[in-house]
Every structure is written in C-alpha cells, then in structure tokens.
1. How many residues are of a type in the set (A, V, I, L, M, F, W, C) and either touching a residue at least 60 places away in the same chain (Cβ under 8 Å) or away from the ligand (no atom under 16 Å from the Cβ) (or both) if we restrict to the stretch 72-92?
2. Scan the stretch 168-182 residue by residue and report those that are part of a loop (DSSP other than H, G, I, E, B) and either crowded, with 18+ Cβ neighbours inside 10 Å or away from the ligand (no atom under 16 Å from the Cβ) (or both).
3. Filtering the stretch 109-160 down to residues that are away from the ligand (no atom under 16 Å from the Cβ) and among the β-branched types (Val, Ile, Thr), which residue is nearest to Tyr171 (Cα to Cα)?
4. Residue under question is Thr155, and the condition is that it be out of contact with any His (no Cβ under 8 Å at 6 or more places or on another chain), under 30 Å from Asp72 (Cβ atoms) and not in a helix (DSSP H, G or I); does it hold?
5. Restrict the check to the stretch 207-215 and report whether at least one residue is over 18 Å from Leu144 (Cα atoms), crowded, with 20+ Cβ neighbours inside 10 Å and modelled with pLDDT under 95.
6. Return a yes/no flag: does the stretch 53-67 have any residue that is part of a loop (DSSP other than H, G, I, E, B), surrounded by fewer than 16 Cβ atoms within 10 Å (Cβ to Cβ) and of a type outside the set (Lys, Arg).
7. Against the condition within 12 Å of the ligand (Cβ to nearest atom), within 22 Å of Thr238 (Cβ to Cβ) and surrounded by 17 or more Cβ atoms within 10 Å (Cβ to Cβ), how does Ile165 come out, does it pass?
8. Within the stretch 85-113, can you find the residues that are farther than 21 Å from Ala31 by Cα and in contact with a strand residue (DSSP E or B) (Cβ under 6 Å, 6 or more places away or on another chain)?
Amino acid sequence: MRPRIALPADTLAEATNIINERNAAYAPRPAIEAVVKSGGVPVILPSVDPDDVVDYMDLFDGVCFLGGYDVDPTFFGEEPFEKLGPTYRKRDLFEIELLKQSVARGKAILDICRGMQLVNIGLGGTLFQDLSQDPHVTLKHNQLAPGNMPSHHITVAPDSRLFKIAGERPYINSRHHQAIRDVAPTLKVTARADDQVIEAVESIENDQILGVQWHPENMYKHHASSKALFADLVERSTEVAKRTRKQPQ
Ligand SMILES: NCCCC(=O)O
C-alpha cells in the first residue's frame, strides 16, 4: 500500500510568462520527488479557508509541512520585530488548521524549516523572529553554499527517533533566519547546533511528529539521513493508512 503524503502548497505571488495572474499554488519539486522516490503518493493541497480544511482530511495519511515565508508573529502573541521577513497570513491560518486536524486524527507528520516553526507555533510554542534576538548564536545558519551542500553539524539526542534515522552528529544544510525559542508543551527538542539553536523536535508522547530545521528535500539524493527522513515519513504514514483506510467491499 502506497501512503498518500499531503504537501500543503506555497503561493507564488509573482506573475510569470506562463502564469499571467498572480497567486499560483505550488509545491517545490525536490519535496515531491523525495516523497515519490520514498514510495509515497504526493498530494498537493492548495491553501483554502480554514473552515474547508475538514474536506481535505480523508485525502492523505501523512503530511509534510514545508518551507516558505516567516509565520505571522501575532500567532504567538508578538508584534513584528524589525528583522521579520515577508509573511503570508492566509497560508499560516490554513496550515495551523491542517496541523490541528492532522494531530487530532493521528496523521504522520514531518515538518521542515518553516514547517517545523509553524508546527511549534500551532501547538503553543514561540520563535525568535530573527536569530539576532538569540544572544547565543555564533554559527552561520543561512549558508551561502549551494542548498544541496551541508554546512554545519548538529548533535542529536540519543533517546530520539531522529537518532535512529540520522545518528548522533549529522552534517546538514542550513537556510533560515528564525528558530524555535519556546518549545510547544507536547514537543521535545531532539537536536541542537553547537550554538544551541534548536534543529529538531519530536512529539513527547508518540511518534506522530518529527520536525527538522534544515532542508532534507534538497540533499535527498546524496545524503543518507535526509533520504531516511522521508523513508521514515512513508513508513509512519503506511501504518496510518493501514489503520484508517476503508477496505473495498
Ligand atoms: N521562517 C521561515 C523561513 C525559515 C527561516 O528563515 O527561518
């Protein structure tokens, strides 16, 4: 059974030669390919009104929250800091509702970069709106090297799911200017950079959520632990599919 993996769509706000009007819904090709090569069926979900999210819920077994704009800080009770990047509130509202319903229904969740930040906010955590707010930061978290190259190491907690997937000291890529500040009550930190920036989180109570700050979709082809993260999502989503899909009569 091939599990269906939802990819909540980003919004292309620029007109192009092909798309003459603004606002195309899209998912990045590397994420689509990582899901397909791992044995999943990608299902791209355009942002809709949060009231309509319920109509998406039978379409997928697992979900991968992806990168994109900064999350609107009013979702964690803050006014915008001067170094906040662009935001897109409609996508935030959609994805927070999709997250809540996915958690309630036991869907498997992998969240990447902005995705990890959004999941943390949706479950009650907060962010540094810019890494300059974190006095401990010493590493370069927004690498100038190509995105498919690793640029710094992280240390993974031995008692985590991520440790089984990536080992103790994976070498990862890094492309972010924000990070988790307060971890949501139902999540635990499972990896940090050497300057203590949070690089991965997981559910405390079960295996439902695994989030990473880096971009495994960009290193998928040549980086064993990035590949293993998608294989793990497909494995967990297959279990959800077996448990929840109706058998044909
Ligand atoms: N905050 C959304 C994108 C990732 C980052 O720059 O932190």
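The values are calculated or read from the model by the stated rules, or taken from the named source; none is laboratory data. All figures in this text were calculated on a predicted structure; none of them were measured in a lab. All Cβ positions, even for glycine, are placed from backbone atoms using ideal geometry, and neighbour counts span all protein chains on display.
1. So the count comes out to 0.
2. Scanning the stretch 168-182 gives Glu168, Arg169, Pro170, Asn173, Ser174, His176, Gln178.
3. Ranking the candidates gives Thr155 first.
4. no
5. No, the stretch 207-215 has no match at all.
6. Looking for residues that are part of a loop (DSSP other than H, G, I, E, B), surrounded by fewer than 16 Cβ atoms within 10 Å (Cβ to Cβ) and of a type outside the set (Lys, Arg), one finds none in the stretch 53-67, hence no.
7. No: the conditions fail for Ile165.
8. Gly85, Thr87
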